[in-house]
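Notes to accompany the following structure.
The values are calculated or read from the model by the stated rules, or taken from the named source; none is laboratory data. The structure displayed is predicted, hence computed values, not measured ones. Every residue, glycine among them, receives a Cβ derived from its backbone with ideal geometry; neighbour counts consider all protein chains shown. Quick note on the areas: whole protein, heavy atoms, side chains included, nothing else; ligands and nucleic acids left out. Shrake-Rupley method; radii C 1.70, N 1.55, O 1.52, S 1.80 Å.
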Amino acid sequence: MPRRRAQTELPEIVWRDGVHLAGSLLWFDAPRRHHLSLVSDARVRLGRPGKVLATPATSALLGLRERDAPLLGEYGHPLALGPLRIELVPSGSMVGGAQAAVETERGRLLYAGAVAPAGTATAPPAGLRSCDVLVLAAPRDLAQPPRARALADLTGALEQALAADRQPVVLAESPGPAQDLMVELAARFPLCAHRDLLAHARAYGRLGIVLPRVRSFRGRLPRGAVLLWPPAGRGARALAALEARQIFSAPEPTDLAALIGFVETVAPRRVHVTGARASDLSAELRRRGCDARPLAPAQMKLF
């Protein structure tokens with residue numbers, strides 16, 4: 001990893017009911033809202049009360065209203081928060097997904113979150129901003145091959161399932177991955193989807209993003225069709241009625257090699273990693289010479 005001249009201090013990142021820039025009023029993807037919390041994409045679960053900073057697309061997909069006090073940030077238009085200067089740039093993870101480049105007195109913090117450097121079928125590639133401190137979310141599957149190959153593997157597996165008279169079901173989070181799969185799979189298979197995924201697809205349409213036509217699942221999967229389903233979707237009983245179903249998972253938006261390339265490009269002096277695989281990704285980055293450490297809630301000492 002590229003190194004920079006040593007400095008005595010860096011922006012301090014701590015876990016305090018969410019990722020927090022110490023000494024400021026700013027949180028990132030916090031499980032409950034504080035004075036101001038960046039919401040990096042529309043899959044983040046919002047708490048109450050407090051203000052949120054999000055892109056207009058994320059605000060629309062979340063259904064935020066004026067009473068939710070959203071502070072809307074356009075890509076490339078910096079905002080001032082006291083001594084902080086905050087610029088939102090694309091994260092590549094999904095429509096409206098944003099990283100936050102925060103200029104502080106101690107240097108630049110880049111909160112990348114669930115970044116997808118190459119972008120997706122419906123989102124542009126991630127913006128690149130050099131930084132002193134990087135906060136990065138670890139994907140759930142660090143062993144996934146590059147997304148193009150993972151998608152090709154999924155397509156092949158779906159074709160095999162259909163050839164064997166199985167009923168393929170792909171579990172995909174929504175909004176984001178499910179709508180990307182609608183674009184990526186529609187040319188190969190007839191698609192059906194859970195109503196929640198289609199509601200988000202209509203929301204994409206209101207943002208000017210036209211998705212392929214996908215039928216609503218009504219208890220019967222037509223022969224040769226693939227069913228898209230949320231991991232924790234309502235209507236599990238209807239899904240269970242598919243006696244010949246075969247379950248697959250949607251590929252992650254990014255992979256380990258892409259994330260390592262991203263880290264090398266933005267060249268941080270320190271990396272904080274969040275998520276269930278934070279320790280694994282931190283260890284991999286340290287093997288490559290990066291000062292990387294997992295960031296998680298502090299455990300209470302019992303003795």
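Within the stretch 84-105, the residues that satisfy the criterion of being over 14 Å from Thr58 (Cβ atoms) and free of Cβ contacts under 8 Å to residues at least 40 places away in the same chain are Arg85, Ala101, Glu103, Glu105. Being more than 22 Å from Ala240 (Cα to Cα) and touching a Gly at 6+ places or on another chain (Cβ under 9 Å) holds for only one residue in Pro139, Pro190, Pro177, and it is Pro139.
In this structure, is Leu88 open to solvent by 10 Å² or more (accessible area, probe 1.4 Å) and in contact with a His (Cβ under 9 Å, 6 or more places away or on another chain)? Against the criterion (open to solvent by 10 Å² or more (accessible area, probe 1.4 Å) and in contact with a His (Cβ under 9 Å, 6 or more places away or on another chain)), Leu88 does not qualify.
Go through the stretch 105-127 and give me each residue that's part of a loop (DSSP other than H, G, I, E, B) and open to solvent by less than 20 Å² (accessible area, probe 1.4 Å). Answer for the stretch 105-127, where residues must be part of a loop (DSSP other than H, G, I, E, B) and open to solvent by less than 20 Å² (accessible area, probe 1.4 Å): Val115, Ala116, Gly119, Ala123, Ala126, Gly127. Would it be correct to say that Glu264 is farther than 18 Å from Ala138 by Cα and surrounded by fewer than 21 Cβ atoms within 10 Å (Cβ to Cβ)? In short, no. Go through the stretch 271-290 residue by residue and tally those that are more than 12 Å from Ala137 (Cβ to Cβ), basic (Lys, Arg) and either under 18 Å from the mean Cα position of the chain (by Cα) or buried (at least 18 other Cβ atoms within 10 Å of the Cβ) (or both). Qualifying residue count, the stretch 271-290: 0. Among the residues of the stretch 137-166, those identified as open to solvent by 70 Å² or more (accessible area, probe 1.4 Å) and closer than 30 Å to Ala296 by Cβ are Arg140, Ala143. Where helices (runs of 4 or more DSSP H) fall entirely within the stretch 230-303, those with at least 3 residues that are at pLDDT 95 or above and in contact with a strand residue (DSSP E or B) (Cβ under 6 Å, 6 or more places away or on another chain) are at 278-287. Flag not set for Val52, criterion: among the hydrophobic types (A, V, I, L, M, F, W, C), more than 24 Å from Glu9 (Cα to Cα), modelled with pLDDT under 90 and within 14 Å of the chain's Cα centre (by Cα). Within the stretch 77-127, the residues that satisfy the criterion of being hydrophobic (A, V, I, L, M, F, W, C) and within 26 Å of Ala201 (Cβ to Cβ) are Leu88, Val89, Met94, Val95, Ala98, Ala114, Val115, Ala116, Ala118, Ala121, Ala123, Ala126. Summed over the stretch 193-205, residues that are more than 19 Å from Gln246 (Cβ to Cβ) and either open to solvent by less than 10 Å² (accessible area, probe 1.4 Å) or modelled with pLDDT of 95 or more (or both) total 8. Scanning the stretch 56-63 turns up one or more residues that are of a type outside the set (Phe, Trp, Tyr) and either touching a His at 6+ places or on another chain (Cβ under 9 Å) or within 19 Å of Val14 (Cα to Cα) (or both). For the stretch 208-217, give me each residue that is surrounded by 10 or more Cβ atoms within 10 Å (Cβ to Cβ) and either aromatic (Phe, Trp, Tyr) or over 21 Å from Ala250 (Cβ atoms) (or both). Residue satisfying the conditions is Phe217 alone.
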